[in-house]
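Here's the structure, in structure tokens; my notes come after.
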Amino acid sequence: MPAVFCWLIFSVWHALALAETSTPEVAPLEMPVIPAKASQVGKPAEAETVETLPEVTVQEKKQKTPETGINPTLPVTTITSEQLQRAQPSNIFDAVRAVPGVSISGGPRPSGMTFGIRGYVDNEDVLVKVDGVPKGFEKYRMGGTFIEPELLKSIEVQRGPQIASGSGSLGGTVNATTKNAEDFLKPGQKYGGKAKFGYGNNSDEYSRSYLLYARPDERVDILYNYSNRQANNMTLGDGSKLQSSAIESISHLLKISVFPTEDLQLVTSVVKFDDTGLQPYDATGGQPGFFGNVVRSVDDLTWSETVNYDPEHPWINFKGTIGAGHTHLEDLIGQGAPFNSTFNPLQRQCRGTVNTTNPADSTTCRGDLTDTYEYKTDTVDLSNRAQFVARDDWALSLLAGYQYNASEREITRFYENQNTAMQALYPKGFNASAPPGRKSFHAIYLQPSLALGSFTLIPGYRQDRYQVEAAGGTLALLAPYGQASTIKFKQETWSLGLAYDAFAKNSPDKLTFYSNYGQGFRPPLIDEYFTQGPFSRCLTQFMRTSGPASQICGDLYQPQRSETTEAGVSYQTPHLFNSNVWFSGKLNFYHTYTSHLLTSLREDANGKIVQDGWERRNGVEVESFMQYRGWYLRGAYSRISGDIDTGLVSAPLYTAPGNALNIQLGAVLSEAVDLNISYRKVSDRDILLSGDGSRLSPYRFGTQQGYALWNAGARWQASKQVTFRLIGENLNNTLYRLDGTMGGLGMYGQGRNVKFQVELTY
């Protein structure tokens, strides 16, 4: 049994023993109330005339509560700003890798990585938000999370659907929050800046970032950050190079906060990311270059405006976010090396668009192929938490919200020579296998919270109304058959949370038993609704007699649904075993049943169209944190197992990651020096080698070997202006693979990498 389990078992035993032997607490001294409003983060301090109180001597020094990032009753983990600073991750995926239940699929470039949560590994199963704006898009085997960790203040990982996080995320949600100027300004400081330079020896990576921050007035907070990373192909654990893994990215962050009053905060955030380079077309697959390579350029922009309004009234605690995202992505596919593309194979008689054997021929030579993708997202997210009753014996509050999101995509495919016969397959650039379209939803949710003594009851209700619309050339494919080009549906989901606190509310020790139930769903993609061609589920091979004549599935699809039940216990104490060890830990068990698998749509033996596939997951997640003075120990363990039934055949849940154990030990030796070392152990996992689960193509399984990694880091603040960092990744130089998307063999991960960084603060 892993060490993390032992910590938690001993902690619960200690907590129960403490409950039996605890002595009555001494009532605290009553102090005069200062007539000033409680301070809030980001609000300007105002000079007030207050009565000077007599000096009070405190015998026992109170230990500062550490930020563990562990939610006591929900499957939510937050990567804090302090953790990000210590780890200095190369990308957002490295930052969350140690969260229980989380795996990273695809790779090795950030554009090819996707989050996997509890065995849900499709890019569409995990919702990613940056400052409240959803990110990501529909593209064959490609990630869509473009954000440098250098810009982030914190990352919250929600495992499983949460009622306020948004719809369509069966696996969960990753919420990234960017930095503020107040995170860097020292007391009394109005202006400041920081420059950071880094080098990583594995791929000769050079990175630099420049940060400017200011608070010229009490009511204005400004921050700008520029980051640039350049790297060659990665070196693997066996010394070989991973082709097409070089990185060339630039990112910007502009954030302006305005405080018109102490109750109101307005925050504008603009994040821009640019990336270019030779990359695999199949960015998340297990074998780089399976469909050849492309020169891919990404221009990604996210804008958000957030309003926080928290007056004295207990019924009002409002937060509103409006925002938009725009991604321009272009894939240039040439002929021959290094492209080796199956979409644009080499024409030996051609030099670009010129036929060298017959220069008069203007229709044979295709030249380069360019795929262009335009994605636009608009979002509105409004919520308010009202506290109706707040007494010692009972409390009642209500979280209510409204959400709107619309995502639109335009896709074109053009050969350099548009007179070729191949271009005729894509009239006006329309590719029926990647149709354009628009998807939008409106949603409302209500989540009351009732606390009665030691018990807390939190039910929830959410309603989503979706509309998915075909566009472009798809309309001409549907019209001859009278098939609908707009699909509308409504989904209702429910949740229920129960918690029991074993100790009194004013006790420093917290022992909580809890159980949660939640429903979720994932709507079909535009690709699934309106694709015509080899990727459609409505080809004659799946639907011999009852399928649509257009071979476009349309509204035959049902949304994929899930139900999750979990139970667990969490414990927190500032004095573990009557010592000065601060401890927080949680043990969580869950079961998830997913029905109406989108991949199971087909015609059965009776000619009826069905979607009866299902998945079943069982898992355990453990998190713990211990701190003694300057020393800390963080641990996490997760295990996932399950089954899948396609309606035709049953098999192990091949998308489940290997069991994972993560341990990090660190020490803050002084204000100037801190050290940390981490260990990650991942077990073997089942993988899908071939087959689609049909009778003609049965599944064929294999095993992807597990691995163990050691990382370490050190920080030395030579002066108030100069800080040095040394980070070692994969110090044992292990040759290992990340998880593969769709349950297949994963790409190789990076070998040993030693990074050196220097920070100059002004």
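Bear in mind that the values in this text are calculations on the coordinates, not laboratory data. Computed from a prediction, not measured in an experiment: that's the story for all the values here. Heads up, the Cβs are rebuilt from the backbone with ideal geometry, glycines too, and the neighbour counts pull from every protein chain shown.
Brief remarks on what is shown
- Straight-line cross-link reach from Lys488 at under 14 Å between alpha-carbon atoms covers these aspartates and glutamates, not counting any fewer than eight positions away in the same chain: Asp464, Glu469, Asp555.
- Distance from the Cα centroid of segment 336-367 to that of segment 414-437 is 17 Å (rounded to whole angstrom).
- R0 of 22 Å, Cβ-Cβ distance Gln721-Tyr628: FRET efficiency to nearest 0.05: 0.10
- Sparsely packed GluC sites (Glu not before Pro) within segment 149-255, loop by DSSP, other Cβ within 10 Å at most 15: Glu218
- Note, ³J(HN,Hα) from phi for segment 503-520, Karplus 6.51, -1.76, 1.60, rounded to Hz, x at Gly and Pro: 10, 5, 4, 8, 6, x, 8, 10, 10, 10, 9, 8, 8, 10, 10, x, 10, x
- The alpha carbon centroids of segment 112-135 and segment 543-565 are separated by 23 Å.
- The sum of -39500 (n - 2.57) across all DSSP H runs of n ≥ 4, divided by the residue count of the chain, sets its helix-only mean residue ellipticity at 222 nm to -1500 deg cm²/dmol.
- Taking 12 Å as the straight-line reach from the Cα of Lys755, the aspartates and glutamates in range (excluding those fewer than 8 positions away in the same chain) are Asp204, Glu205, Glu729.
- Remark: for residue pairs Lys153/Lys186; Lys272/Lys428; Lys255/Lys720, the C-alpha separation exceeds 19 Å in Lys272/Lys428; Lys255/Lys720.
- Neighbour-limited loop hits for trypsin sites (Lys or Arg not before Pro), segment 431-515 (at most 15 other Cβ within 10 Å; DSSP other than H, G, I, E, B): Lys505
- Against the chain, whose longest principal axis comes from its Cα atoms, helix 3-21 is set at around 30 degrees.
- Gln189 versus Ala708: modelled label distance in nm, points set 7 Å from Cα along the beta carbon direction: 4.2
- The calculated FRET efficiency for Arg391 paired with Val307, based on their beta-carbon distance and R0 = 30 Å, is about 0.50.
- Cβ crowding within 10 Å averaged over residues, with 259-266, 79-86 ranked highest first: 79-86, 259-266
- Placing a pseudo-label 7 Å from each Cα along the Cα-to-Cβ vector at Glu374 and Asn71 gives an inter-label distance of 3.8 nm.
- Sequence-distant aspartates and glutamates (8 or more away, or on other chains) whose Cα lies within less than 13 Å of Lys194: Glu150, Asp183, Glu759
- Note on segment 464-492 and segment 691-762: Cα centroid distance 42 Å, given to the nearest whole angstrom.
- Distance-filtered residues of segment 361-389 - backbone nitrogen under 13 Å, label point 7 angstrom along Gln418 Cα→Cβ: 370
- Structure-derived Cα extents along the principal axes in Å: which label, when the choices are (1) 98, 60, 53; (2) 112, 66, 55; (3) 83, 64, 47: (1)
- Where a label projected 7 Å from the Cα of Trp494 along Cα→Cβ would reach, residues of segment 556-577 with amide N under 18 Å: 561-566
- Summed side-chain charge close to Asn676 - residues other than Asn676 whose Cβ falls under 12 Å, Lys, Arg +1, Asp, Glu -1: +2
- Neighbour-limited loop hits for trypsin sites (Lys or Arg not before Pro), segment 649-729 (at most 14 other Cβ within 10 Å; DSSP other than H, G, I, E, B): Arg695, Lys720
- Chain lengthening between Glu563 and Leu446 when straightened (0.36 nm per residue, less Cα-Cα): 40.3 nm
- Full extension of the segment from Ser362 to Glu218, taken as 0.36 nm per residue of separation minus the current Cα-Cα distance, would add 45.1 nm.
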